[in-house]
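Only one structure is covered here, and it is reproduced in the block below.
The values are calculated or read from the model by the stated rules, or taken from the named source; none is laboratory data. Because the structure is predicted, anything quoted here is derived from the model rather than measured. Neighbour counts are summed over all protein chains in view; Cβ atoms, including those assigned to glycine, are modelled from backbone coordinates with ideal geometry.
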Amino acid sequence: MKTINGITFNFDEVPRSWCFCFCEDCRKHDDCLRYQTGLLVPDSMTWGEAVFPTAHKKGDCPHFKPIRIIHAAYGFAPLFSNVKQKDYTPLREKLKAYLGGHGTYYRYNRGERLLTPEQQQSILNLFASYGYTEGLSFEHYRDVMDFT
């Protein structure tokens, strides 16, 4: 477990494709998730994607990623608990399409992937378009670093 800005997270939560930064002379490094995660790279990790020092030579770095904690969600059972049978299949199919397909839908349902607040709102809007607005929630919530 590692800590950034007082938030503890597991380094395994860092996406494999994440681009790290090691530019100590960047004026924004204290507030950049790429730099802060770069400080926490385990000794066993010897290579990967990185921001080059030339990225911030002309001023602001185009790869700057502010540290942001999000209230992520997963699990769809509560959303479907009051859905009428006639709406169940169309809603589920639209939700699958929105998330990128059958497999991805189940990854979000099981918590292998987490929904950002923006994705959560889009899903709630989808349910609202069918008239479902009361008592909608996801099965689980977690506060996590935003690596999107």
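Considering only residues in the stretch 65-90 that are basic (K, R) and at pLDDT 95 or above, the one that is farthest from K28 (Cα to Cα) turns out to be K86. C23 passes every criterion in (1) part of a helix (DSSP H, G or I); (2) more than 17 Å from the chain's Cα centre (by Cα) apart from (1). Of all residues in the stretch 4-20, those that are in a loop (DSSP other than H, G, I, E, B) and either touching a residue at least 24 places away in the same chain (Cβ under 8 Å) or closer than 12 Å to M45 by Cβ (or both) total 7.
Yes/no matrix, rows are residues, columns are (1) surrounded by fewer than 17 Cβ atoms within 10 Å (Cβ to Cβ); (2) modelled with pLDDT of 95 or more; (3) among the aliphatic types (A, V, I, L, M):
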| site | (1), (2), (3) |
| --- | --- |
| M1 | yes, no, yes |
| R16 | yes, no, no |
| C21 | no, yes, no |
| E24 | yes, no, no |
| R27 | yes, no, no |
| R34 | no, yes, no |
| P42 | yes, no, no |
| A97 | yes, yes, yes |
| Y108 | no, yes, no |
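Which fully enclosed helices (runs of 4 or more DSSP H) of the stretch 70-142 have 3 or more residues being within 30 Å of L33 (Cα to Cα) and in contact (Cβ under 8 Å) with a residue 40 or more places away in the chain? Answer list for the stretch 70-142: 117-129.
Looking only at residues in the stretch 58-95 that are surrounded by 15 or more Cβ atoms within 10 Å (Cβ to Cβ) and among the small types (G, A, S), the one that is farthest from C19 (Cα to Cα) is G75.
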